[in-house]
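Here is the structure we will look at, set down as structure tokens.
Just so it is clear, none of the values below were taken in a lab; they were calculated from the coordinates. It should be emphasised that the depicted structure is a prediction, and the values quoted were computed from it without experimental measurement. Positions of Cβ are backbone-derived with ideal geometry, glycine not excepted, and every protein chain shown enters the neighbour counts.
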Amino acid sequence: MRYFRARYGGSPLHLLLILCSFALTAYAGVRLLGTNALAVAVWFVGAALVHDLVLLPLYTLLDRAVRRLLPAGATTSTDRASDRAALINHVRVPGLVSLLLLLVWYPLVLRRVPGYTVTTGLSADVFLGRWLLVTAALFAASAVWYVASLAFRDRPGPHTDSKPAAPDGPSE
């Protein structure tokens, strides 16, 4: 086992999972490309271009705006750099999840799907409100998590000893 780990760098289970993921990817690729390979290739190149030319600059600008909105002394802890990074990440994560939900469900959120009400019985008017509620809940949960993490971090843990440390030399 040591020889395998030394040569491969991981466990045999890791190798098995990687091979299974490659097999699943190959199967999905064959099934997807078998129907209309040109359309899949155009979609893939288009998605890469839209990401690199539109989305990457957009979320880079949004990240810089959030960094500027949060002052360097936004927290009360002594380790301000790590607290600021944690605060920024507590804004980034719900923002990312919210935008991902919007990206997946934008036809329903923006009422771009005709006939959806007939199929499901749901009005197309509810999706924008639900997405906004989910977004608000994500940011609220992230804020609660951040405040709780600050509160628990500042509390002394069970491993903290209130007695002063004993001197290293022999006691007199």
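General remarks:
- Here is the figure for the stretch 84-133: residues that are in contact with a Ser or Thr (Cβ under 8 Å, 6 or more places away or on another chain), surrounded by 11 or more Cβ atoms within 10 Å (Cβ to Cβ) and assigned to a loop (DSSP other than H, G, I, E, B) total 1.
- Test: residue in the stretch 16-35 that is of a type in the set (Val, Ile, Thr), loosely packed, with under 12 Cβ neighbours inside 10 Å and assigned to a loop (DSSP other than H, G, I, E, B): no
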